[in-house]
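Working notes for the structure below.
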Amino acid sequence: MRNEAVSSSVRVGILAALVLLGGCAATGGARQQVVEAGLAQLGTPYRYGGTDPRTGVDCSGLTYYAHHAAGIDIPRVSVAQLARARPLAQGRARAGDLVFFRTGPGVHHVGLMVDDERFVHASTSRREVRLARLDAPYWRARYLGAGTYLD
């Protein structure tokens, strides 16, 4: 119960900040829809292979779901998402873009940027969808790059 309340507070705060600061809300359209769909899943349980927030999502299931909520077709798994996304130069990822990581031999992880510093992702270690900072030492050391399916 407590996690749900915290997640709701965080979600409302981030959405309000995006609107107040301009963020992706100023550009509207698909980018805003992707971010809102991703943030709406904060606290959703992690489930390997999951793409439905009602039953749980994995990392690529979250990004797949958020893009499909905005009417954008992307591949289902992180390796394919990385291969088909339009690459972005380092430091150019914006809200709605994908960030990719190598978390182990042959293991890839993907998250969805929500602003210039944070991304939402389905965490295997915390067993839920949560926010993380791109500049955190763990993620910085595993960063592969960023890509987008958005204009």
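Quote the relative contact order of region 74-151 in percent (integer), defining contacts as alpha-carbon pairs under 8 Å separated by 6+ residues.
Details: 132 pairs, mean separation 27.9, N = 78.
So the answer I get is 36 percent.
Answer rounded, prolate or oblate for region 41-151, using the Cα gyration tensor with square roots of eigenvalues a ≥ b ≥ c: rounded when a/c is under 1.5, else prolate when a/b is larger than b/c, else oblate. Spell out each step's value before the answer.
Values: a/c = 1.40, a/b = 1.13, b/c = 1.24.
It is rounded, given that a/c, with a ≥ b ≥ c, falls under 1.5.
Listing SER125, SER60 from fewest to most neighbouring C-beta atoms within 10 Å gives SER125, SER60.
At a Förster radius of 41 Å, what calculated FRET efficiency corresponds to the Cβ-Cβ distance of THR55 and ALA89, to the nearest 0.05?
0.65
FYI, it's all coordinate maths here, none of it is from the lab. Please read these numbers as outputs of a predicted model, since none were measured by experiment. We place every Cβ from the backbone using ideal geometry, glycine too, and count neighbours over all the protein chains shown.
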